[in-house]
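The structure under discussion appears below in the form of structure tokens.
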């Protein structure tokens, strides 16, 4: 997007800042290394057109940066690297501001109205792409979490079945013994279940086996 803006608009350079999950802006792209450093400087100094643009959701521009501008620290650095004019365009979808597109000019002149309109159109398209990409990533994460939960549930059920058969107890008691074994060793339940199913842990370690019935015609020995 930054390089495309330089190709299509009457600007010398462009940078892109995008908010992370906590709302903190981060530099995700720039047409030149010089602009990337300037964007980082803007974030570190906590002042500049992009920050105001992100906070208000409006286009913020200054055609002639100087010591009297709203951002004197940023203005001094921008002038030092040869950008006396700047225009920040919000990356937004409806009422949600995702970040900003910063446009830098070598001459102290305002960005033309047609260029501003085109920059806003490019920013809108980029915002839609960003949201769609985030939605795809979140869906993939949720699917992975669901699959992991399902796999964990299956292996736990398998382990419960093995314990139930070995010890002659119902599934609830088998689960209680499996959980107790894991807790006593400060281990995760799914890990213990997986090792039990794989044979790394013997079933007898987790639960004693069923007591065989006494031979027919003989009474059970009295308890000691």
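The values are calculated or read from the model by the stated rules, or taken from the named source; none is laboratory data. If you're wondering where the values come from, they're calculated on a predicted model, not measured in any experiment. Note that each Cβ is placed from the backbone with ideal geometry, even for glycine, and that neighbours are counted across all protein chains shown.
Exactly one condition in (1) in the same structural domain as residue 8 (by TED's automatic domain parsing); (2) assigned to a helix (DSSP H, G or I); (3) crowded, with 19+ Cβ neighbours inside 10 Å is false for residue 83; which is it?
Every listed condition holds for residue 83 apart from (2).
Could you run through region 86-102 and say how many residues are in contact with a helix residue (DSSP H, G or I) (Cβ under 6 Å, 6 or more places away or on another chain) and either buried (at least 22 other Cβ atoms within 10 Å of the Cβ) or assigned to a helix (DSSP H, G or I) (or both)?
Final tally of qualifying residues: 8.
Look at residue 150 and say whether it is assigned to a strand (DSSP E or B) and either surrounded by fewer than 18 Cβ atoms within 10 Å (Cβ to Cβ) or at pLDDT 80 or above (or both). Break it down stepwise before answering.
Working: assigned to a strand (DSSP E or B): no; either surrounded by fewer than 18 Cβ atoms within 10 Å (Cβ to Cβ) or at pLDDT 80 or above (or both): yes.
For residue 150, the condition - assigned to a strand (DSSP E or B) and either surrounded by fewer than 18 Cβ atoms within 10 Å (Cβ to Cβ) or at pLDDT 80 or above (or both) - is not met.
Answer yes or no as to whether residue 120 is surrounded by 12 or more Cβ atoms within 10 Å (Cβ to Cβ), part of a helix (DSSP H, G or I) and modelled with pLDDT of 85 or more. Outline the logic, then answer.
Details: surrounded by 12 or more Cβ atoms within 10 Å (Cβ to Cβ): yes; part of a helix (DSSP H, G or I): yes; modelled with pLDDT of 85 or more: no.
Taking the combined requirement at face value, the residue does not satisfy it.
Which of the residues spanning region 1-31 are outside any strand (DSSP E or B), in contact with a strand residue (DSSP E or B) (Cβ under 9 Å, 6 or more places away or on another chain) and under 21 Å from residue 118 (Cα atoms)? Even if it seems obvious, please write down each step before you answer.
Of the residues in region 1-31, the ones outside any strand (DSSP E or B) are 1-12, 20-24, 31.
Filter once more, so that each one left must be in contact with a strand residue (DSSP E or B) (Cβ under 9 Å, 6 or more places away or on another chain): 1-6, 9-12, 20, 31.
Result: 1, 2, 3, 4, 5, 6, 9, 10, 11, 12, 31.
Considering only region 32-50, I want to know if a residue exists there that is assigned to a strand (DSSP E or B) and out of contact with any helix residue (DSSP H, G or I) (no Cβ under 7 Å at 6 or more places or on another chain). Lay out the reasoning, then the answer.
The initial filter retains those residues of region 32-50 that are assigned to a strand (DSSP E or B), namely none.
No, because not a single residue in region 32-50 is assigned to a strand (DSSP E or B) and out of contact with any helix residue (DSSP H, G or I) (no Cβ under 7 Å at 6 or more places or on another chain).
Within region 56-69, work out how many residues are part of a loop (DSSP other than H, G, I, E, B), modelled with pLDDT of 90 or more and touching a helix residue (DSSP H, G or I) at 6+ places or on another chain (Cβ under 7 Å).
The number of residues fulfilling the criteria is 1.
Going through 106, 142, 137 one at a time, which residue ends up being loosely packed, with under 13 Cβ neighbours inside 10 Å, at pLDDT 90 or above and more than 30 Å from residue 204 (Cβ to Cβ)? Full working, then the answer.
Values: 142 fails: at pLDDT 90 or above; 137 fails: at pLDDT 90 or above.
Exactly one residue qualifies, and that residue is 106.
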